[in-house]
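Novice: Quick one: the structure is below, questions incoming.
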């Protein structure tokens, strides 16, 4: 009798295909069918943009490999000690430098909460962490300029401070009472919690740490190349086929209107933090205001699926709703501030 328990070959093959790479391959083919003269320029323009960003990509993956190999992530745990105001400030600063993948945030935060860290300090870290890290800074500087990258870093820290202080002020309310879900024993899959790691700066002396460096660098190199390839292709298509006046009408011009729209659109429409950089660059080229661009990347980073899942996994829905609300409100404020500075 045939074994019907194993999956069919085609569904099994489809499950193994990386859908992002598949879309990257399909985009030029679709353009070739619908607009043949634009197919080759679409590819070459995207490749040129990717090559221009390559030095920043290499710096980013080297920084990530260094952090993983040395175990420097463990230093963050020391930040969450002392007075609550100090913990909020350090949590917001540490979040902007954290090298965690979104999955690793879950055991790290769980360990902090178990150790008695207040939710206000954790919220400060949660809000700033998905917005900026060494890799994100390098990619943002390469795609949107050093000024935008520095402003986004400052916005990430400011958002963390805003969220942490708001939770501290409202910690006696029903929203933040008993905030945690029942403990989940299943774990994460990203390895042991970095909460207990001890940095070893001369990591090249240990073969396992050198292997960790190579693995982290290579994994993140593939990750960045994949998402940035897709993003640059989408940027080329957007510039070629979306009229500039349409973008300018929605999120161009001055005033709070475009910034509010960008924050509200950025929350559900975000693709990926790294991929958003060239997309926002393309939108700004088409007429998006700088303030709206900042609001888009801040709101989208906070509400992106990996960042949101890390919060949803640990806290009750009302606290998750507060996280999203704080993130979007802070994104609007960051957009207004950057719009005024960049004008």
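Novice: So, of the residues in the stretch 12-40 that are part of a helix (DSSP H, G or I) and in contact (Cβ under 8 Å) with a residue 40 or more places away in the chain, which turns out to be surrounded by the most Cβ atoms within 10 Å (Cβ to Cβ)? Can you show your working first?
Specialist: Residues of the stretch 12-40 part of a helix (DSSP H, G or I): 12-16, 19-34, 36-40.
The next check asks that each one be in contact (Cβ under 8 Å) with a residue 40 or more places away in the chain; those that pass are 20-21, 23-24, 27-28, 31, 38.
Working: 20: 16, 21: 14, 23: 15, 24: 20, 27: 20, 28: 16, 31: 22, 38: 17.
Residue satisfying both the conditions and the ranking: 31.
Novice: Further question: Pull up the stretch 225-270, narrow it to residues that are under 26 Å from residue 25 (Cα atoms) and assigned to a loop (DSSP other than H, G, I, E, B), then point me to the one that is modelled with the lowest pLDDT.
Specialist: 270
Novice: For residues that are modelled with pLDDT under 85 and in a loop (DSSP other than H, G, I, E, B), scanning just the stretch 106-128, find the one that is surrounded by the fewest Cβ atoms within 10 Å (Cβ to Cβ).
Specialist: Going residue by residue through the stretch 106-128, those that are modelled with pLDDT under 85 are 106-117.
Narrowing further to those that are in a loop (DSSP other than H, G, I, E, B): 115-117.
On the way: 115: 11, 116: 8, 117: 20.
Ranking the qualifying residues of the stretch 106-128, first place goes to 116.
Novice: Might you let me know whether the stretch 80-90 holds any residue that is at pLDDT below 80, touching a helix residue (DSSP H, G or I) at 6+ places or on another chain (Cβ under 8 Å), at negative phi and surrounded by 20 or more Cβ atoms within 10 Å (Cβ to Cβ)?
Specialist: There is at least one residue in the stretch 80-90 that is at pLDDT below 80, touching a helix residue (DSSP H, G or I) at 6+ places or on another chain (Cβ under 8 Å), at negative phi and surrounded by 20 or more Cβ atoms within 10 Å (Cβ to Cβ).
Novice: Kindly check whether there is at least one residue in the stretch 172-180 that is touching a strand residue (DSSP E or B) at 6+ places or on another chain (Cβ under 7 Å) and at pLDDT below 90.
Specialist: Of the residues in the stretch 172-180, the ones touching a strand residue (DSSP E or B) at 6+ places or on another chain (Cβ under 7 Å) are 179-180.
Remaining after also requiring at pLDDT below 90: 179-180.
Taking every residue of the stretch 172-180 in turn, at least one turns out to be touching a strand residue (DSSP E or B) at 6+ places or on another chain (Cβ under 7 Å) and at pLDDT below 90.
Novice: Turning to a different aspect of this structure: What is the number of the single condition among (1) modelled with pLDDT of 80 or more; (2) touching a strand residue (DSSP E or B) at 6+ places or on another chain (Cβ under 9 Å) that residue 43 does not meet?
Specialist: Unmet condition: (2).
Novice: Now for a separate question. Counting just the residues of the stretch 324-343 that are surrounded by 21 or more Cβ atoms within 10 Å (Cβ to Cβ) and either out of contact with any helix residue (DSSP H, G or I) (no Cβ under 8 Å at 6 or more places or on another chain) or more than 15 Å from residue 266 (Cα to Cα) (or both), which one comes out modelled with the highest pLDDT?
Specialist: Only one residue fits best here, namely 338.
Novice: Another question about this same structure. Restricting to the stretch 194-222, what's the tally of residues that are crowded, with 17+ Cβ neighbours inside 10 Å, under 14 Å from residue 59 (Cα atoms) and modelled with pLDDT of 80 or more?
Specialist: Residues meeting the conditions: 4.
The values are calculated or read from the model by the stated rules, or taken from the named source; none is laboratory data. Everything numeric here is computed off the predicted structure, so don't read it as measured data. Every residue, glycine as well, gets a Cβ built from its backbone with ideal geometry; the counts of neighbours run over all protein chains shown.
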